[in-house]
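Novice: So that we are looking at the same thing, I have put the structure below in C-alpha cells.
The values are calculated or read from the model by the stated rules, or taken from the named source; none is laboratory data. Bear in mind the structure is a predicted one, so any value in this text is a computation, not a measurement. In this analysis, Cβ positions are derived from the backbone assuming ideal geometry, glycine residues included, and neighbour counts consider all displayed protein chains. Just the protein is used for accessible areas: all its heavy atoms, side chains included, with ligands, DNA and RNA removed. Shrake-Rupley method; radii C 1.70, N 1.55, O 1.52, S 1.80 Å.
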Amino acid sequence: MKITEHIERAKGKTLFSFEIIPPVKGQNIQKLYDNIDPLMEFKPPFIDVTTSREEHIYLKKESGLLEQKITRMRPGTVGICASLMHKYDIDPVPHVLCGGFSKEETEYVLVDCHYLGIKNIMALRGDARKDEAFFTPHPEGNKYANDLVSQVNDLNNGKYLHDLVESQHLFDFCIGVAGYPEKHMEAPSMDTDLRRLKQKVDAGADYVVTQMFFDNQKFFEFVDKAKSMGINVPIIPGIKPIAVQRHLNVLPQIFKIDLPDDLVKEVDKCKTNKQIKKVGIEWAIQQSRELIAAGVPLVHYYSMGKSDNIKAIAAKVF
Ligand code: FAD
C-alpha cells in the first residue's frame, strides 16, 4: 500500500515507522532481522531502507603500489526491500539516489521495484561522496531530487527514457522526499530551501520526511511555513535518539543541526554511555509525545542499525 493510503487509513492515529541501513557487504542479513524483529510489535506500516553513496577504497597491487577503486560498501537496498516484503509482509521504502547513478541505471532500479510490487520510493539527491567537497552529479544522472521525482513521475505516466516505449502499463509509485526543519546545509536561506521543497512536491512528491531535529518548535515552524507556501502533502517528522557522547559533536557536524542546550547539559552530566542512552531515550519520548499531541501522521525513527533504544521509546509512546 502507498504511504499516503496508510496515513488515510489510520484516520488521525499517529503511526510508527523507522529506517534501516543495509549491512556492510560480507555481513549476514540475520543481524538486520535481529534489529527489526523487536520493533514489529509496534506495527510499522513501512520500513525505509537507505542507499549509501559509493566510496573510494585502496587495493594493494603486487608492486606494492595502491590502486584506487570505487565501490559501494552497503549494496542491496532493493534486495533487502524484497526480503522485508517476504519475511514481514510489510511495505518497504527503498531510498533512490541521484548521486552515483545515471538516469538509465535509475530506470532499471525503478523497473525492478515495480516488478517486485514495491509501492513507495524515497527520492533523494544523496550527499557528496566522502572524498568530495561538494556534491557532483553523475554526468548522465539527475542533478537534484526534483529531477529524480520527475523521472519517477514520468514512469508513473508511462514515459520511459528516450521515449522508447509507449506503455499502456503505468507505474504507480508514491514518492517521498526529504525536508529540513533547520534548512539544508547548502541552501542559502530557509525560504529558498522551502521553495526547492515545493518544486519537489510540484514535480510529483506525495509526502515529506524530515531530517532529524531535537527541538520540536523548529519542526512546527517548518510545517507552518511549508503550508503557507502551498506544500499540502503530509510532513513526517524524523527522530533520532542521542546514544553516545560523540553524537553531540558529530550530529551537528554531519547534519548541520542544532542540539538544544537543555539536552546538551543533561548529556554532559552523564558518566557513562548507558546514562547518555537513557537521556536520549527520554528526550525522544518527550519529543514524540508532543508531536503526536500536535497530530503528526507518523513519527519516523532513525534506527541507525540499533533497535533497543527505538523499542524503549516506542514502548512508551505507541
Ligand atoms: P535536494 O532536494 O536536491 O536538495 C539539495 C540542495 O540543493 C538543497 O540545498 C536545495 O535547497 C538545493 N536545490 C534543490 N533543488 C534545486 C534546484 N532545482 N536548483 C538549485 N538548488 C536546488 N542520503 C543518502 O545518501 N542515502 C539515503 O538513504 C538518505 N536518506 C535520507 C532520508 C531522509 C529522510 C533525509 C532527510 C535525508 C536522507 N539522505 C540520504 C540525505 C540526503 O541525501 C542529503 O541531505 C542531500 O544532501 C540532499 O538530498 P535532497 O534529496 O534533500 O536534495
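Novice: Could you give me the percent of Cα pairs per 10 Å distance bin for the range 26-142, shortest bin first, beginning at zero and ending with the bin that holds the maximum distance?
Specialist: Histogram of Cα-Cα distances, whole percents per bin: 12, 36, 31, 17, 4, 0.
Novice: Please give the contour-minus-distance gain from V244 to T192: 0.36 nm per residue of separation, less the Cα-Cα distance, rounded to one decimal in nm.
Specialist: Taking 0.36 nm per residue and subtracting the Cα distance, the gain is 15.4 nm.
Novice: Still on this structure: Please give the length that would be gained between Q30 and V165 if that part of the chain were fully extended, namely 0.36 nm times their separation in residues minus their C-alpha to C-alpha distance (nm, one decimal).
Specialist: Result: 44.6 nm gained on full extension.
Novice: Taking amide H positions as placed in the peptide plane 1.01 Å from N, state which residues far from G179 in sequence (5 or more) or on other chains have amide H under 5 Å from it.
Specialist: The list, which skips near neighbours in sequence, is V209, T210, Q211.
Novice: Here's something else I'd like to know. Which entries in K25/K198; K31/K277; K227/K274; K198/K311 show an alpha-carbon gap greater than 31 Å?
Specialist: Distance filter (> 31 Å) returns K25/K198; K227/K274; K198/K311.
Novice: Please turn the phi angles of the range 150-158 into ³J(HN,Hα) values with the Karplus equation 6.51 cos²θ - 1.76 cosθ + 1.60 (θ = phi - 60°), one per residue in order, whole Hz, x for glycine and proline.
Specialist: Here the 3J(HN,Hα) series is 4, 5, 5, 5, 4, 5, 4, 9, x Hz.
Novice: So what is the relative contact order of the chain, in percent, for Cα pairs below 8 Å that sit 6 or more residues apart?
Specialist: Relative contact order here is 19 percent.
Novice: What FRET efficiency, computed as 1/(1 + (r/R0)^6) with R0 = 22 Å and r the Cβ-Cβ distance, is obtained for K316 and A294, rounded to the nearest 0.05?
Specialist: Working from the Cβ atoms, E equals 0.80.
Novice: While we're looking at this one, here's another question. Near R129, within a Cβ-to-Cβ distance under 12 Å, what is the net charge of the other residues, with Lys and Arg +1 and Asp and Glu -1?
Specialist: Combined, the nearby Lys, Arg, Asp and Glu give -2.
Novice: Next up: Can you give me the long-range amide H partners of T51? Hydrogens built in the peptide plane at 1.01 Å from N, cutoff under 5 Å, separation of 5 or more residues or another chain.
Specialist: H95
Novice: P(r) for the range 3-317: what percent of alpha-carbon pairs falls in each 20 Å bin, starting at zero?
Specialist: 30, 60, 9, 0
Novice: Round to a whole number: what % of the accessible area of the range 220-316 belongs to carbon and sulfur, probe 1.4 Å?
Specialist: Carbon and sulfur together cover 53 percent of it.
Novice: Related question: Quantify, in whole percent, the carbon and sulfur part of the accessible surface of the range 81-127 (1.4 Å probe; protein heavy atoms only).
Specialist: 50 percent
Novice: Compute log10 of I(q)/I(0) for the range 44-92 with the Debye formula, placing one identical point scatterer on every Cα and leaving out solvent, at q = 0.14, 0.22, 0.23 Å⁻¹, to two decimals.
Specialist: Each listed q maps to, in turn, -0.52, -0.77, -0.80.
Novice: With 10 Å bins from zero, work out the P(r) of the range 121-179 over every alpha carbon pair and list the percent per bin.
Specialist: 21, 43, 26, 9, 1
Novice: Nearest 0.05, what FRET efficiency do K103 and D37 give at R0 = 30 Å with Cβ-Cβ as r?
Specialist: Calculated transfer efficiency: 0.20.
Novice: Moving to a separate point now. Which cross-chain or sequence-distant (5 or more) residues have an amide H under 5 Å from the amide H of T136, H modelled 1.01 Å from N in plane?
Specialist: Amide H neighbours of T136, under 5 Å, 5+ apart: R129.
Novice: Also: Return one whole number: the accessible area per residue of the chain in Å², for a 1.4 Å probe.
Specialist: In whole numbers, the chain has 50 Å² accessible per residue.
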